[in-house]
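Notes follow once the structure below has been shown.
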Amino acid sequence: MRIGIIGTGNIGGTLGTALARAGHQVTLGSRNPDASVAGARVSDVAGALSDAEVVLLALPAGALDDFLAEHAGSLAGTLVVDATNRIGAPVANAAAQLAAAAPAARYARAFNTLGWENFADPVFDGEPADLFFSSSAADRPVLEELITAVGLRPAYLGEGKQDVVDGALPLWFALVQAGGGNRRLAFRVLRK
């Protein structure tokens, strides 16, 4: 897949490296296109969006409005994976912002409930951790491919369930704090 990742920080850079290593064509969009990310190309934001089949938003939530004001038109018809977290806001995800600015974009919620350390090393006791996500049924296979490419096991919650996905975020933070700040903590769904 041709994947444009907006943001070169811990989340964007780690996911970019993992997805490129899995064979995807990854371009990271940055305000600093001279940055380097192992295995992935870095360009300006418009360059990362130009031919992307999937756009993964890994930018700070405070930068989202400016991004949408400038680039919403580039998202029409594109699958947008929202990995942003609006910490402290009534709603953590950016589904409403994206729908208002880019109504023709397809929306998915993923990569927002675990620390970047778990994307870099997703295996616990020999098994991959699970990553909760929400998307349309039509886009589910794409998300499952992306999540699997990072080394995690996809845990589909259904369409329009971004608020349910977001419910894992405060749980993850509470467990990290209770564990003395150890961010190497993830979830696994067990079925019998």
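Quick notes on this one:
- Selected residue [among the hydrophobic types (A, V, I, L, M, F, W, C), in contact with a Phe, Trp or Tyr (Cβ under 8 Å, 6 or more places away or on another chain) and closer than 18 Å to Ala58 by Cα] from Val91, Val165: Val165
- Residues of segment 52-61 include at least one that is of a type in the set (Asp, Glu) and modelled with pLDDT of 95 or more.
- Being under 24 Å from Tyr156 (Cα atoms) and either buried (at least 18 other Cβ atoms within 10 Å of the Cβ) or modelled with pLDDT of 95 or more (or both) is a condition met by at least one residue of segment 63-75.
- Candidate set: segment 133-148, residues that are of a type in the set (Gly, Ala, Ser) and within 12 Å of Arg109 (Cβ to Cβ); chosen: the one farthest from the chain's Cα centre (by Cα): Ser136
- Pairs, first under 14 Å from Lys161 (Cα atoms) and in contact (Cβ under 8 Å) with a residue 12 or more places away in the chain in segment 107-134, second among the polar types (S, T, N, Q) and part of a helix (DSSP H, G or I), C-beta under 8 Å, six or more apart: Tyr107/Gln162; Arg109/Gln162; Ser134/Gln162
- Whichever residue in segment 14-39 is hydroxyl-bearing (Ser, Thr, Tyr) and surrounded by 15 or more Cβ atoms within 10 Å (Cβ to Cβ) and, among such residues, is modelled with the lowest pLDDT: Ser30
- Residue in segment 103-118 that is more than 30 Å from Arg188 (Cα to Cα), of a type outside the set (Ser, Thr, Tyr) and surrounded by 14 or more Cβ atoms within 10 Å (Cβ to Cβ) present: yes
- Condition check for Ser36 on (1) under 14 Å from Gly13 (Cα atoms); (2) under 18 Å from the mean Cα position of the chain (by Cα): one failure, at (2).
- Verdict on Asp121 being modelled with pLDDT of 95 or more and more than 21 Å from Phe187 (Cα to Cα): no
- Verdict on Asp82 being of a type in the set (Asp, Glu), closer than 26 Å to Pro141 by Cα, buried (at least 24 other Cβ atoms within 10 Å of the Cβ) and in contact (Cβ under 8 Å) with a residue 12 or more places away in the chain: yes
- Among the residues listed as Arg86, Arg140, Arg106, the single one being closer than 19 Å to Leu15 by Cα and charged (D, E, K, R): Arg140
- Single residue of Gly126, Gly180, Gly160 found to be under 23 Å from Leu68 (Cβ atoms) and surrounded by fewer than 16 Cβ atoms within 10 Å (Cβ to Cβ): Gly160
- Residue count for segment 40-54 under the criterion of being within 18 Å of the chain's Cα centre (by Cα) and either crowded, with 23+ Cβ neighbours inside 10 Å or free of Cβ contacts under 8 Å to residues at least 24 places away in the same chain (or both): the result is 5.
- Annotation note: Cβ proximity below 9 Å between a residue of segment 7-33 that is at positive phi and of a type in the set (Gly, Ala, Ser) and a residue that is surrounded by fewer than 23 Cβ atoms within 10 Å (Cβ to Cβ) and assigned to a helix (DSSP H, G or I) (sequence gap 6+ or interchain) occurs for Gly7/Ala63; Gly23/Ala149.
The values are calculated or read from the model by the stated rules, or taken from the named source; none is laboratory data. Since the structure is predicted, the reported quantities are computational estimates derived from the model, not experimental observations. Cβ atoms come from the backbone with ideal geometry, glycine included; neighbour counts cover every protein chain shown.
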